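What follows draws every value from the coordinates through simple rules; no lab data is involved. These numbers come from a predicted model, not from an experiment. Quick reminder, even Gly has a Cβ in these numbers, built from the backbone with ideal geometry, and neighbours come from all protein chains shown.
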Amino acid sequence: MTLIFTVGRSNLRHTAWSRKAPAPPEPGGVRMAIDSFALTSNNITYAAFGDAMKYWSFFPIDDPSMGCIPVWGFANVAESRCEGVTVGERYYGYFPIADGVDLHPARPKGTGFIDGAPHRRELSSVYNFYQRCGADALYEANQEAEQALLRPLFTTSFLIDDFLADNADFGAQAVILSSASSKTAYGTAFCIARRRGGASAPRVVGLTSAANAAFTRGLGCYDEVLLYDDVATLPAGAPSVYVDMSGSVAVRAAVHTHLADSLKYSCSVGGTHWDDLGGAKGLAGPRPVLFFAPAQGAKRREEWGAEGFDRRLADAWHAFVGAVTRANPRWLEVVRGAGSDAVERTYIGLLDGTVAAREGHVLTLASA
């Protein structure tokens with residue numbers, strides 16, 4: 001029986017488990033035994049934007065009122081009826097919160113395969129590719145937890161920084177990030193900070209809660225960390241960019257109202273403050289623009305080539321993981337959990353904002 005975790009699409013606090021008897025894989029299909037996955041505030045963003053960004057569409061279920069939140073993790077091939085995909089091989093990719101899933105490899109090659117299921121053909125290929133660990137330049141067996149927790153977030157961070165640099169930071173002297181303690185935010189701050197010393201490198205300012213202020217300041221990748229209540233202390237006349245990881249309508253309004261025309265670009269990325277999401281009508285300054293990482297990735301793959309893109313990402317990734325794991329105290333403490341209770345406890349903690357910023361939860365349902 002396959003165990004699957006689902007949540008209410010219009011009520012994220014409503015959760016349910018289902019068990020489904022799997023049929024043998026179809027010709028050309030494979031069954032993946034999901035071994036471990038990360039559950040972070042990034043997954044809350046997936047749920048908060050599930051309809052708008054089609055995140056519910058990756059792993060559809062029979063009940064239209066419920067959705068399956070995608071997660072990043074590792075799985076082994078349990079059964080295969082697809083030439084080129086071998087039983088026992090380990091893959092990194094996009095999975096449901098479950099102990100198994102059936103995929104439909106298209107064009108399998110040495111590095112991995114695309115899931116060619118009909119319902120995924122119109123969805124972004126970034127989420128549809130399954131990377132064979134044995135052919136992955138970013139993979140290290142002793143860093144699977146860090147990869148599951150940080151790799152998808154860091155890819156977004158890398159692309160946000162690249163998008164800003166590609167646009168000369170819109171002429172900004174400062175880049176302001178909300179939810180600055182989140183992994184995507186501090187990954188972005190890390191990438192921008194790597195540009196320090198350049199003639200036009202912007203300052204990096206983090207906005208966070210009082211509870212996460214000490215942690216965020218201790219990261220060392222922000223030039224300044226402010227509390228949400230201190231937005232009015234930002235230099236009002238300094239050209240700035242706002243990168244909104246929180247999605248909070250109140251924080252967004254405060255930043256736009258205070259900076260107004262000094263705000264040169266407003267980039268909407270996440271929804272960690274899922275219970276305070278709202279529209280952008282009537283804001284001072286520029287209208288927020290939703291950042292879609294796959295679009296910037298596709299642009300750069302065309303310009304740099306796939307090999308050039310992968311090399312740049314790998315260089316940045318290894319520098320970032322080095323900073324995360326060598327720091328004292330570490331930026332990330334891996335917290336492991338097993339079973340349905342651990343999944344629900346972590347999920348609710350993320351919804352409530354009670355998971356410590358330093359924690360990264362890696363979970364498994366493999367023995368459930």
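Observations on the structure shown:
- Binned Cα-Cα distances of the stretch 62-101, short to long, each 10 Å bin given as a whole percent: 26, 44, 24, 6
- Taking the Cα centre of the chain as origin and assigning +1 to Lys and Arg Cβ atoms and -1 to Asp and Glu Cβ atoms, the resulting dipole is close to 320 debye.
- Projecting the Cα atoms of Thr45, Thr2, Ser157 onto the charge dipole of the chain, computed from C-beta unit charges around the Cα centre, puts Ser157 farthest toward the positive end.
- Euclidean distance between Cα centres, the stretch 94-154 to the stretch 1-68, Å: 15 Å
- Residue-count net charge about Arg300 - beta-carbon cut-off 10 Å; Lys, Arg +1, Asp, Glu -1: -1
- Length gained on full extension, Ala141 to Val87: 17.6 nm, using 0.36 nm per residue less the C-alpha separation.
- The residue among Val231, Met66, Ser340 whose Cα reaches farthest toward the positive pole of the charge dipole of the chain, with charges on the beta-carbon of Lys, Arg, Asp and Glu, is Val231.
- Rounded to the nearest 20 debye, dipole of the stretch 154-311 from Cβ charges on Lys, Arg, Asp, Glu: 120 debye
- Ranked Met53, Met245, Met1, Met32, criterion: other C-beta atoms within 10 Å, fewest first: Met1, Met53, Met32, Met245
- Phe129 paired with Glu344, simple spin-label distance in nm, labels 7 Å along Cα-to-beta-carbon: 3.8 nm
- Percentage relative contact order, the stretch 151-294, counting C-alpha pairs under 8 Å, at least six apart: 22 percent
- Net charge over other residues, Cβ less than 15 angstrom from the Cβ of Lys20 (K, R count +1; D, E count -1): -2
- When you work out D = kT/(6 pi eta Rh) for the stretch 182-232 at 4 °C and 1.567 mPa s, using the Kirkwood radius from C-alpha pairs as Rh and the Stokes-Einstein form, the result is 114 µm²/s.
- Proximal charge balance of Thr346 [Cβ under 12 Å; K/R count +1, D/E count -1]: -2
- Added length on full extension, which subtracts the Cα-Cα distance from 0.36 nm per residue, Val249 to Arg195: 16.4 nm
- Normalised size of the stretch 151-294, defined as Cα radius of gyration per 2.2 N^0.38 Å with N residues, equals 0.93.
- If you look at the Cα atoms of the chain, you get an Rg and a Dmax of 20.3, 64 Å.
- Phi-based couplings in Hz for the stretch 293-298 (Karplus 6.51, -1.76, 1.60; Gly and Pro marked x): 3, x, 5, 5, x, 5
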